[in-house]
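In what follows, a single structure is set out as structure tokens and then discussed.
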Amino acid sequence: MKQHSAKLAWVACLVLPLFGCGQGGSGAKAEAEDTPEQEAFDFRTGLMDSLSWKVGKLRGMAGGDIPIDNAAAVKHARDVAAIAGMLTEGFIPNSIVKGSAALPEIWMNFSDFQQKAGDLQMAATALADAAQANGFEAAKGMVQPVGQACGGCHRPYRKRQEE
């Protein structure tokens, strides 16, 4: 009888979650996370994390904290430009979900928001072009405008981080 009970318990652990039973859930949480708004948030969060990492590498090279690698610098700058070109796709209406730092002003002035993303794209492209043509050492002063373009969007359109 013990062996039968153990098998039944094992089967229940596998089957009940499929029907939203067990573990105190109705499956509602999974459904709530699978919305276009949540997907947009997840998409833009990934983009922002990627931007932060790439710009961080560029800043590190410009500041002497990371050895300069011309090929890597050009790639990072081109990647920043490509990511900037995708940013606005992640800001669909009503996508201020839990964890979002987006402010409603984004949608109130979406054309300005798009322009700021374009400014980041142009600054990163200019950096990549200059680094490719003359080396990163000669172009490293152009990293600051890339960072300023990031801040130019964060200041009006992102909640301040609580410290």
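The values are calculated or read from the model by the stated rules, or taken from the named source; none is laboratory data. Because the structure is predicted, anything quoted here is derived from the model rather than measured. Cβ coordinates were reconstructed from backbone atoms using ideal geometry, including for glycine residues, and neighbour counts include every protein chain displayed.
Filtered by the rule that a residue be more than 11 Å from residue 157 (Cβ to Cβ) and of a type outside the set (Val, Ile, Thr), the stretch 88-113 gives 89, 90, 93, 94, 95, 98, 99, 100, 111.
Screening the stretch 142-163 for residues that are touching a residue at least 40 places away in the same chain (Cβ under 8 Å) and assigned to a loop (DSSP other than H, G, I, E, B) and picking the one that is surrounded by the fewest Cβ atoms within 10 Å (Cβ to Cβ) gives 161.
Only one of these is at pLDDT 95 or above, of a type in the set (Gly, Ala, Ser) and loosely packed, with under 14 Cβ neighbours inside 10 Å: 90, 25, 60, 64. Name it.
Working: 90 fails: loosely packed, with under 14 Cβ neighbours inside 10 Å; 25 fails: at pLDDT 95 or above; 60 fails: loosely packed, with under 14 Cβ neighbours inside 10 Å.
Just one listed residue meets the conditions, 64.
For the stretch 125-136, give me each residue that is under 14 Å from residue 68 (Cβ atoms), in a helix (DSSP H, G or I) and small (Gly, Ala, Ser). Passing the criteria: 130, 131. Going through (1) at pLDDT 95 or above; (2) farther than 16 Å from residue 55 by Cα one by one, residue 160 falls short only on (1).
Confirm whether residue 121 is surrounded by fewer than 17 Cβ atoms within 10 Å (Cβ to Cβ), polar (S, T, N, Q), assigned to a helix (DSSP H, G or I) and at pLDDT 95 or above. Quick ask: steps written out before the conclusion?
Details: surrounded by fewer than 17 Cβ atoms within 10 Å (Cβ to Cβ): no; polar (S, T, N, Q): yes; assigned to a helix (DSSP H, G or I): yes; at pLDDT 95 or above: yes.
In short, no.
Just one of the listed residues (139, 82) is within 15 Å of the chain's Cα centre (by Cα), farther than 14 Å from residue 40 by Cα and either part of a helix (DSSP H, G or I) or basic (Lys, Arg) (or both), and it is 82.
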